[in-house]
Amino acid sequence: MVSRTEAPVDTYAVAMSQQTQYALLRARARQRWDDLTEGDKPWVRVGFGASGQAAGAQAVFDALKPYGPEGTDQINLSMVGAHGLMYLEPLVDIIVPRANRVFHANVTPEMVPDIMSHYIDGRDQHPLHASAYAYSGHVDDYTSHLSDWDQLPPNQLQKKILTENFGNIDPHDIFQYIAQDGYSALNKAVLSMTPDEVLEEVKTSGLRGRGGAAFPTGLKWSFLAPSNALVKYVLCNCEEGDPGAFNDKGILESDPHRLIEGLILNGYATNSTHGVVFIRQGHDIPIEATRRAIDEAYQNGILGENILGSDFSFEMEVSLTGDSYVAGEETAMIEAIEGKRSTPRYKPPFPAQAGLFQKPTNINNVKTIAYVPSIVATSGDEFKKVGTESSSGTALVCLTGHIKRPGMYEVEMGVTIRQVLDDIGGGVADGSERIKVLQTGGPLGGVMGEEAFDTEIDFDAMAQSGAILGSGGIIVGDETTDVVDLIRNLVAFNQFESCGKCFPCRLGNTHMLDVLDRMCKNEAKPGDMQLLETVGNNMKIGSLCGHGQLGYNPISSAITYFGEEFEKRFNGEMEKSGPFGDGSMILPSRTRP
Amino acid sequence: MTTSQQQSRPELRERIRGALESQRTDKERVPSITVLSSLLAVQDDLHYIPDEAIEETAIFCNATINDVWSVASFYTNFRFTPPGMTTVDVCWGPTCHLMGAQKVLDAVQDELGVDSEETSADGKITLRYSTCLGACAQAPVIARDHVLKGRANPDSARQYISDLQQELENGIAH
């Protein structure tokens, strides 16, 4: 079969064995998937992540257990990840044998017997329960009154790359990921591509870092690739301390194998030996999902020695950090993995020269890495077709606050903020009149007013508007939102989380918080506005990392969009802020030593 | 330094060593063990870091007492006195803030009879302010030992605390 006589004989043998290894996994995965989707039993799946848990999904799952394998065994039962449409949680999604897929929204444990009788006792015997919200697949007599899931407004405008498996696979089962072609990109890379070719695809894709800085990913990887060091690290940053953002944890709890595949590809493209997934302690659901996924990958020859039968070997582990927001800064993260206080390092040397344990190191955000399997599976050019010229791909937006449909939505770059708010989010929450303010990009991002809602979601367009896209959090405030009080909340967070290494940040945030506190209590002093600006500028010049450099952002953006309100507040022309009528706010009393 | 009421000190040291050693259970793939990972392992087990844990961690990691203290005092999740039987987190992040977290926090404090991050007088429930619990779509969020509950309001939060107190009273928890 191989006509090229000069090819070494064993290359062919190795290639055969490699193909067999993935082919075997894939055959097994397909078999399992077919058993679940085409068997005689309904497959009942409960959306479960931090958000699902908060909505009460555990109790719903527990109520379903008696019907599952541990009980009467009338259904297959799985906990899956987040569907993204979090306003519908707890969400139960049922694949009906030889029929379609039905979604039940806002389910309570009490509803479970009524819901299940329709699927178990015979569909004609018991009507479909009123919690049925949408169907997917073909419509039948039972579901003709429901909406098509894929045509729901919050689904229609989404472009699913990162989230294509969300809610559809059990994150604790590697074979469900493989059944969706998972690890095929890795198989292709280690079998038929050189590391340079993988790196080239990532460069061509135009992928930019999703952690906030939007640095070109291929370029970052190319700093690491040339080093011949025996140990090289690729780190995945899931510190995600940004309040209002939960998409990194969302990926880990809904589709952890996508991240693992991406991180192995990152290692392959840069000739690295070790991967570390860095998560904050206490977020048990994503931590558990990632640990289990890594174990499964080891058990199936996807991690460890000779991955999928190739020459490439790669190790991976989870590293937990204590509570510290600054640990999300890349050099501070390295310090935390080394077990020290997570404070930023001086640069140079840059991590690509001397990073973790002084070895060459790359750090990427979860979302950034999770795009890589789809880039390698298709091509960099294909990926580049999605999104805008300067920001290719999608944005995974966390929409929260006074919005009708809070959730996690993946949209193509270039969609406007207004489309996200109105078409996906359904506009302002019931009981509110209008959206007044958005807080984007985490507590070091900014706020924007209505005149900026037509801004496109794109790294550069967002930055120009004075806010940042950052990690993708968009927090919506309605007409009752007190902007100065909101800014005080952000600055209080930044003050609490300053690591203390650079005094402009440590003291500056405290100063700014004092001023904002005075303003909220109608006790502002003459010169306070000037003080804010002076302090903010000093922080920008005098701090090592973004925490101090960007600390004035919330205030400067608020002055841009809500200057008048700031002025009034400063002059004491408004009611005192906060929910207690005296301008006070409950805050942690401790700060770092 | 508060003395743990349940156990005498040698037993405490033994338990700390056990927690430190437990990091090595996976024989095939030994994870990176550091001062931070060791302190996390101890706190997972004991729910606080006693003085003995600082010493034992220093010995275990071949670090100085100073090194260990510098790490332990930095991360805000570490505490140095035993917490109550259960820890309740209330989020004060911006989404929860807009959705009414301050009043939820106020109600919880009132119900517990505390006015900051403290343990209730009966020693049962410890309150912590959280910067984000990661379920912002269900804001405001509160949690009990990392198990989240969303869409809280002052009344439901009061109910949540009194149910919890009742449950601890009946000895079901832990």
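The values are calculated or read from the model by the stated rules, or taken from the named source; none is laboratory data. What you are looking at is a predicted structure, and each value in this text was computed from that prediction instead of being measured. We place every Cβ from the backbone using ideal geometry, glycine too, and count neighbours over all the protein chains shown. Only protein heavy atoms, including side chains, enter the accessible area calculation; ligands, DNA and RNA are left aside. Shrake-Rupley method; radii C 1.70, N 1.55, O 1.52, S 1.80 Å.
Checking each residue in the stretch B:50-84 for being part of a helix (DSSP H, G or I), out of contact with any Ser or Thr (no Cβ under 8 Å at 6 or more places or on another chain) and hydroxyl-bearing (Ser, Thr, Tyr) picks out only B:70. Against the list (1) surrounded by 21 or more Cβ atoms within 10 Å (Cβ to Cβ); (2) facing chain A (nearest Cβ under 9 Å); (3) at pLDDT 95 or above, the condition residue B:151 fails is (1). Scanning the stretch A:142-172 for residues that are acidic (Asp, Glu) and either at positive phi or more than 20 Å from the chain's Cα centre (by Cα) (or both) yields a count of 2.
In the stretch A:541-555, the residue that is most open to solvent (accessible area, probe 1.4 Å) out of those that are assigned to a helix (DSSP H, G or I) and farther than 9 Å from residue A:444 by Cβ is A:541. Return yes when residue A:352 is within 30 Å of residue A:184 (Cα to Cα) and outside any strand (DSSP E or B) and no when it is not. When the stated conditions are applied, residue A:352 passes them. One residue stands out in the stretch A:404-421 among those that are open to solvent by 10 Å² or more (accessible area, probe 1.4 Å) and either assigned to a strand (DSSP E or B) or aromatic (Phe, Trp, Tyr) (or both): the one that is nearest to residue A:158 (Cα to Cα), namely A:412. State whether one or more residues within the stretch A:433-442 are touching a helix residue (DSSP H, G or I) at 6+ places or on another chain (Cβ under 9 Å), more than 14 Å from chain B (Cβ to nearest Cβ), of a type in the set (Asp, Glu) and open to solvent by 10 Å² or more (accessible area, probe 1.4 Å). No, that holds for no residue. Could you tell me whether residue A:382 is open to solvent by 20 Å² or more (accessible area, probe 1.4 Å), modelled with pLDDT under 95, on the phi < 0 side of the Ramachandran plot and not in a strand (DSSP E or B)? Against the criterion (open to solvent by 20 Å² or more (accessible area, probe 1.4 Å), modelled with pLDDT under 95, on the phi < 0 side of the Ramachandran plot and not in a strand (DSSP E or B)), residue A:382 does not qualify. Residues of the stretch A:287-298 include none that is more than 23 Å from the chain's Cα centre (by Cα), open to solvent by 20 Å² or more (accessible area, probe 1.4 Å) and away from every other protein chain (no Cβ under 11 Å). Quick check: is even one residue across the stretch B:155-164 within 11 Å of chain A (Cβ to nearest Cβ) and under 25 Å from residue A:489 (Cα atoms)? Checking the stretch B:155-164: not a single residue is within 11 Å of chain A (Cβ to nearest Cβ) and under 25 Å from residue A:489 (Cα atoms).
In the stretch A:469-478, the qualifying residues are those that are assigned to a loop (DSSP other than H, G, I, E, B) and within 12 Å of chain B (Cβ to nearest Cβ), and the one that is nearest to residue A:215 (Cα to Cα) is A:471.
Residue-wise test of (1) touching a strand residue (DSSP E or B) at 6+ places or on another chain (Cβ under 7 Å); (2) open to solvent by less than 10 Å² (accessible area, probe 1.4 Å); (3) at pLDDT 95 or above.
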residue: A:89; (1), (2), (3): yes, yes, yes
residue: A:108; (1), (2), (3): no, no, yes
residue: A:111; (1), (2), (3): no, no, yes
residue: A:116; (1), (2), (3): no, yes, yes
residue: A:124; (1), (2), (3): no, no, no
residue: A:133; (1), (2), (3): yes, no, yes
residue: A:137; (1), (2), (3): yes, no, no
residue: A:170; (1), (2), (3): yes, no, yes
residue: A:174; (1), (2), (3): no, yes, yes
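Candidates are the residues of the stretch B:87-116 that are at pLDDT 95 or above and charged (D, E, K, R); the one that is least open to solvent (accessible area, probe 1.4 Å) is B:89.
For the stretch B:57-78, check the following and say yes or no: at least one residue is over 30 Å from residue A:404 (Cα atoms), away from chain A (no Cβ under 12 Å), of a type outside the set (Gly, Ala, Ser) and touching a residue at least 24 places away in the same chain (Cβ under 8 Å). No - not one qualifying residue is present in the stretch B:57-78.
Could you please find all residues in the stretch B:92-137 being facing another protein chain (nearest Cβ under 9 Å), more than 14 Å from the chain's Cα centre (by Cα), assigned to a loop (DSSP other than H, G, I, E, B) and not polar (S, T, N, Q)? Answer for the stretch B:92-137, where residues must be facing another protein chain (nearest Cβ under 9 Å), more than 14 Å from the chain's Cα centre (by Cα), assigned to a loop (DSSP other than H, G, I, E, B) and not polar (S, T, N, Q): B:92, B:93, B:99, B:100, B:115, B:132, B:134, B:135. Looking only at the stretch A:202-241, residues that are hydrophobic (A, V, I, L, M, F, W, C), open to solvent by 10 Å² or more (accessible area, probe 1.4 Å) and not in a loop (DSSP other than H, G, I, E, B) come to 2 in all. Of all the numbered requirements in (1) touching a Lys or Arg at 6+ places or on another chain (Cβ under 6 Å); (2) in a loop (DSSP other than H, G, I, E, B), residue A:286 misses one, and that requirement is (2). For the stretch A:320-342, a tally of residues being out of contact with any Gly (no Cβ under 8 Å at 6 or more places or on another chain), among the acidic types (Asp, Glu) and within 16 Å of residue A:283 (Cβ to Cβ) returns 0.
The numbered conditions (1) more than 25 Å from residue A:39 (Cα to Cα); (2) part of a helix (DSSP H, G or I); (3) open to solvent by less than 80 Å² (accessible area, probe 1.4 Å) are all true for residue A:158 except (2).
Summed over the stretch A:144-155, the residues that are open to solvent by 20 Å² or more (accessible area, probe 1.4 Å) and in a helix (DSSP H, G or I) give a count of 3.
For the stretch B:85-105, the count of residues that are aliphatic (A, V, I, L, M), out of contact with any Ser or Thr (no Cβ under 8 Å at 6 or more places or on another chain) and under 24 Å from residue B:14 (Cα atoms) is nonzero.
Do we have any residue at all in the stretch A:337-345 that's modelled with pLDDT of 95 or more, more than 13 Å from chain B (Cβ to nearest Cβ) and farther than 26 Å from residue A:588 by Cα? Scanning the stretch A:337-345, I find at least one residue that is modelled with pLDDT of 95 or more, more than 13 Å from chain B (Cβ to nearest Cβ) and farther than 26 Å from residue A:588 by Cα, so the answer is yes.
Give A:182, A:206 a once-over and let me know the one that is within 21 Å of the chain's Cα centre (by Cα), under 17 Å from residue A:20 (Cα atoms) and at pLDDT 95 or above. Let's see the steps before the verdict.
Values: A:206 fails: under 17 Å from residue A:20 (Cα atoms).
Testing whether each residue is within 21 Å of the chain's Cα centre (by Cα), under 17 Å from residue A:20 (Cα atoms) and at pLDDT 95 or above leaves just A:182.
Filtering A:250, A:262, A:244 for residues that are buried (at least 24 other Cβ atoms within 10 Å of the Cβ), within 14 Å of another protein chain (Cβ to nearest Cβ) and either outside any loop (DSSP other than H, G, I, E, B) or under 10 Å from the mean Cα position of the chain (by Cα) (or both) leaves a single hit, A:250.
For every residue, the table says whether it meets (1) touching a residue at least 60 places away in the same chain (Cβ under 8 Å); (2) buried (at least 22 other Cβ atoms within 10 Å of the Cβ); (3) under 19 Å from residue A:558 (Cα atoms).
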{"site": "A:462", "(1), (2), (3)": "no, yes, yes"}
{"site": "A:466", "(1), (2), (3)": "yes, no, yes"}
{"site": "A:473", "(1), (2), (3)": "yes, yes, yes"}
{"site": "A:479", "(1), (2), (3)": "no, no, yes"}
{"site": "A:490", "(1), (2), (3)": "yes, yes, yes"}
{"site": "A:512", "(1), (2), (3)": "no, yes, yes"}
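For the stretch A:37-81, enumerate the residues that are part of a loop (DSSP other than H, G, I, E, B) and within 14 Å of another protein chain (Cβ to nearest Cβ). Result: A:48, A:49, A:56, A:81.
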